[in-house]
Amino acid sequence: MKKIMVINGPNLNLLGKRKVETYGEKNLDEINQKILEKAAELNLIVEFRQHNSEGDIINSIHEAGMNFDGILINPGAYTHYSIAIRDALEAVKVPAVEVHISNIYNREDFRRVSVTAPMTKGQISGFGEYGYILGLQGLKYILSS
């Protein structure tokens, strides 16, 4: 079975409490449970990481590059300016899919730029928690091709 690391960035531990009009009412544990259910259907193994610090996200990307078959990542606010996370995604040789709960292209100007997306196979934005499921399905497709 293929292994996927799901990496969530800063403030995503506050889902369900923070800006529910933008990010929804489900907390990260509830979203992770849905991902686990879909992963079982797809015959994938998933492990979860959530970090508020950039260095910890980079360490998880490095770990995924050595021990996993794919990465599903929501870099949070780091999406818009972390060249270090971008470089980590570029350095590992496993496919990644970027996910955003909100539509980053329908928000403030600074959120409309993703420096990390060019290092991924694709980006899913604006489908709420379901974006994680779409991203997981996309990784399954990529890994099966």
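With a sphere of radius 14 Å drawn around the Cβ of Arg86, what net charge do the other residues whose Cβ falls strictly inside it have (Lys, Arg +1; Asp, Glu -1)? Mind showing how you got there, number by number?
Details: positive: none; negative: Glu54, Asp87, Glu90, Glu98.
With Lys, Arg at +1 and Asp, Glu at -1, the neighbours total -4.
Karplus-based coupling profile of region 56-69, in residue order and whole Hz: 5, 5, 4, 4, 5, 4, 4, 4, 4, x, 9, 10, 10, 9, with θ = phi - 60° in 6.51 cos²θ - 1.76 cosθ + 1.60 and x standing for Gly or Pro. With all protein chains kept in place, the per residue accessible area of the chain amounts to 49 square angstrom at a probe of 1.4 angstrom. For Lys17, the aspartates and glutamates whose Cα falls under 12 Å of its own Cα, not counting residues fewer than eight places away in the same chain, are Glu25.
Given the options Gly70, Gly122, Gly55, which has the most mean-square fluctuation in a GNM of the chain, springs set between C-alpha atoms less than 10 angstrom apart? Looking only at Gly70, Gly122, Gly55, the biggest GNM fluctuation is shown by Gly55. Taking a ≥ b ≥ c as the square roots of the eigenvalues of the alpha-carbon gyration tensor, region 46-145 is classed oblate because a/c is 1.5 or more while a/b is no larger than b/c. For region 39-145, a crude dipole built from +1 on the beta carbon of Lys and Arg and -1 on the beta carbon of Asp and Glu, taken about the Cα centre, is about 240 debye to the nearest 20. Per-residue Karplus couplings for region 101-117, computed as 6.51 cos²θ - 1.76 cosθ + 1.60 with θ equal to phi - 60°, are listed in order as 5, 8, 7, 5, 8, 10, 10, 4, 3, 5, 7, 7, 10, 10, 7, 8, 4 Hz, Gly and Pro entered as x. Simple rule: put +1 on each Lys or Arg Cβ and -1 on each Asp or Glu Cβ in the chain, find the dipole, and look at Ser60, Thr116, Leu28; the Cα lying farthest toward the positive end is Thr116.
Ordered by 1.4 Å accessible area with all protein chains kept, Phe68, Phe110 run largest first as Phe110, Phe68.
Just to make sure I understand: if all protein chains stay in place, what is the order of Ile124, Ile83, Ile4 by accessible area at 1.4 Å, largest first? If you can, show how the numbers build up before the last one.
On the way: Ile124 30, Ile83 90, Ile4 0 Å².
I get Ile83, Ile124, Ile4, largest accessible area first.
Its relative contact order, with pairs defined as Cα atoms under 8 Å and 6+ residues apart, puts region 1-102 at 38 percent.
With respect to the cross-link table entries Lys3/Lys34; Lys2/Lys93; Lys93/Lys140; Lys26/Lys121, which display a Cα-Cα separation exceeding 20 Å? Those over the limit are Lys26/Lys121. Please check: in the Gaussian network model of the chain (C-alpha springs, under 10 Å), which one of Glu90, Glu41, Glu98 has the largest mean-square fluctuation. In the Gaussian network model the winner is Glu41.
The values are calculated or read from the model by the stated rules, or taken from the named source; none is laboratory data. Because the structure is predicted, anything quoted here is derived from the model rather than measured. Methodologically, a virtual Cβ is constructed for each residue, glycine included, from the backbone with ideal geometry; neighbour enumeration extends over all protein chains shown. All accessible areas refer to the heavy atoms of the entire protein, side chains included, with ligands and DNA or RNA removed. Shrake-Rupley method; radii C 1.70, N 1.55, O 1.52, S 1.80 Å.
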